[in-house]
1. Below 8 Å between Cα atoms, with a sequence gap of 6+, how large is the relative contact order for the chain in percent?
2. What does the charge add up to near residue 22, with Lys and Arg as +1, Asp and Glu as -1, over the other residues with Cβ less than 12 Å from its Cβ?
3. Tell me the mean residue ellipticity at 222 nm calculated for the chain from its helices only (DSSP H runs of n ≥ 4, each -39500 (n - 2.57), averaged over every residue, nearest 500).
4. With springs only between Cα atoms under 10 Å apart, run a GNM on the chain and tell me which of 14, 93, 76 wobbles the most.
5. Using R₀ = 25 Å, calculate the FRET efficiency as 1/(1 + (r/R₀)^6) where r is the Cβ-Cβ separation of residue 147 and residue 9; round to 0.05.
6. Looking at segment 73-114, which trypsin sites (Lys or Arg not before Pro) are in a loop (DSSP not H, G, I, E or B) and have at most 15 other Cβ atoms within 10 Å?
7. Using only the alpha carbons of the chain, determine the length spanned along each of the three principal axes and report them from longest to shortest in whole angstroms.
8. Across 10 Å bins from the origin, how do the percents of Cα pairs in segment 50-111 run, short distances first?
Amino acid sequence: MIKKIEGTSVSNGICWSQDNRTLYYIDSFLCHIKAFDYDLATGSISNERIVVEITEPNTLADGMCIDSEGMLWVAIWGGSCVNRYNPLNGACIGKIKINAPHVTSCAFGGKLMNQMLITTAKDGLIAKELKKYPHSGSLFMVKLKVTGLPTASYKQQ
């Protein structure tokens with residue numbers, strides 16, 4: 001195992017651009033998404049930069065995936081949503097509202113890769129919040145007009 005990023009707190013979302021030249025990464029407590037140039041042949045990363053700032057108060061970026069248009073979909077813990085970001089300018093260009101405050105991850109699935117699977121948690125919610133959000137801890141599915149990228153298989157070096 002080789003450490004690639006120093007000083008992390010809570011590593012969460014990670015995905016690659018369609019051409020595998022950019023790695024996107026979330027450390028939840030830093031409130032942004034970083035991009036790195038990625039060398040597929042060696043696994044090396046370079047040119048660290050922030051591409052999205054997470055500005056919603058009392059929220060954290062959690063799991064993440066990428067669509068076929070190169071846009072990032074990010075589960076927002078504390079925000080009851082999955083946001084779609086353009087990594088070229090940092091703009092939030094879409095939002096899927098979820099009836100649960102703690103949205104944990106998202107992934108594309110289905111035969112056409114146009115279904116967004118969204119996980120949520122009920123950890124940390126008090127009884128009053130669980131009554132208001134009884135579907136917390138559930139898996140949600142939303143059909144989208146955009147498709148996701150197929151997941152690459154892990155290959156041990």
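Bear in mind that the values in this text are calculations on the coordinates, not laboratory data. Every value quoted in this text rests on a predicted model; they were computed, and no experiment measured them. Every residue, glycine among them, receives a Cβ derived from its backbone with ideal geometry; neighbour counts consider all protein chains shown.
1. After rounding, I find 15 percent.
2. Computed value for this residue: -1.
3. Working: 1 runs with 6 residues, N = 157.
Computed mean residue ellipticity for the chain: -1000 deg cm²/dmol.
4. In the Gaussian network model the winner is 93.
5. According to the calculation, E is roughly 0.20.
6. For trypsin sites (Lys or Arg not before Pro) across segment 73-114 that sit outside H, G, I, E and B with at most 15 neighbouring Cβ atoms in 10 Å, the list reads 111.
7. Projected onto the principal axes, the Cα atoms of the chain cover 50, 38, 32 Å.
8. It works out to 24, 57, 18, 1, in whole percents.
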